[in-house]
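First comes the structure, then the notes that go with it.
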Amino acid sequence: MRIWRVARRPIFWLALVFTLVMANIPSPPPAPAGVNDKWQHGLAFALLCLLAFAAYPRGRWWQIALAMLGYGVLIEISQWAFGAGRQPEFWDVVADSVGIGLALCIQPVLRHLLPPASIDN
């Protein structure tokens, strides 16, 4: 678990950068069959939020959730500003919020299941 304690913050920040890049490239790779854009947003933000909880275990849950929501809004603004053929959508932010809500429901269970040494700094 020592590797995770060292790697969790870089993994979180790399995931944020990867998400921003994927959200702004003109032609992203196609999603697997049956997975629409809103599912991608929800699942991506659930994972990002869980990674944020792991990266900053002493952070307040509501601050992390608000930061992730702000990041979702920032992505939509960047799609509008860069104009690389991507369209910002209100419903994408709603899907991001659902993913964040899912992470808020899962996070206490993960905290209970994982040993304290893997959570704390």
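The values are calculated or read from the model by the stated rules, or taken from the named source; none is laboratory data. Bear in mind that the values here come from a model prediction, so they are computed numbers and not experimental data. Glycine gets a Cβ as well: all are built from the backbone with ideal geometry, and neighbour counts include every protein chain shown.
Counting only residues that are over 20 Å from residue 69 (Cα atoms) and assigned to a helix (DSSP H, G or I), segment 11-33 holds 0 of them. Search segment 50-102 for residues being part of a loop (DSSP other than H, G, I, E, B) and surrounded by 14 or more Cβ atoms within 10 Å (Cβ to Cβ), and hand back the single one that is modelled with the lowest pLDDT. Only one residue tops the list, namely 86. Only residues in segment 21-34 that are loosely packed, with under 10 Cβ neighbours inside 10 Å count as the first member; pair them with residues that are modelled with pLDDT under 80 and of a type in the set (D, E, K, R), Cβ under 9 angstrom, at least 6 apart or cross-chain, and list the lot. So the pair list comes out as 26/86.
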